[in-house]
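J.: Input: one structure, supplied below.
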Amino acid sequence: MTMKDIKLSLRQIQIMKHAIGFDRNRIKKGRYEAYRNRYITNCDKDWEELIEIGFANKKTFDLEKTVMYFVTETGMKYLEMLFECMIIEKE
């Protein structure tokens, strides 16, 4: 199975985009610099499915069962294929 065979829901794509702050207008010379990589919420079914396929990971906090999800390198590669640009994580 290749990345092109993986089908995500529209919401899964949207929450991954939100996590990295993706804005097509900020693509410069085929590159997008992700200024963040986090999505904080309670446990989320869509994020948990992304974790199962290796596109996301999470960190849990004791405070009110808060979870911070983030896009993995594999998830970034999927988004790069989808949006046809290189995604660089800001240091």
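J.: Yes or no: region 48-57 includes at least one residue that is modelled with pLDDT of 95 or more and over 21 Å from Leu10 (Cβ atoms).
T.: Checked region 48-57: at least one residue is modelled with pLDDT of 95 or more and over 21 Å from Leu10 (Cβ atoms).
J.: Just need a number here: residues in region 25-48 that are within 15 Å of Ile88 (Cβ to Cβ) and outside any loop (DSSP other than H, G, I, E, B). Reasoning before the result, please.
T.: At the first step, the residues of region 25-48 found to be within 15 Å of Ile88 (Cβ to Cβ) are 26-37.
From the residues that got through so far, the ones that are outside any loop (DSSP other than H, G, I, E, B) too are 26, 28, 31-34.
Total satisfying the criteria: 6.
J.: Mind checking which residues of region 75-87 are buried (at least 16 other Cβ atoms within 10 Å of the Cβ) and in contact with a helix residue (DSSP H, G or I) (Cβ under 8 Å, 6 or more places away or on another chain)?
T.: Gly75, Met76, Tyr78, Leu79, Ile87
J.: OK, next. Could you tell me how many of the residues in region 21-68 are aromatic (Phe, Trp, Tyr) and loosely packed, with under 15 Cβ neighbours inside 10 Å? Steps first, answer last, please.
T.: Taking region 21-68 and keeping what is aromatic (Phe, Trp, Tyr), we get 22, 32, 35, 39, 47, 55, 61.
The next check asks that each one be loosely packed, with under 15 Cβ neighbours inside 10 Å; those that pass are 35, 61.
So the answer is 2.
The values are calculated or read from the model by the stated rules, or taken from the named source; none is laboratory data. All of these numbers come straight from a predicted model, not from anything done at the bench. Virtual Cβ from ideal backbone geometry, glycine too; neighbours counted across all protein chains shown.
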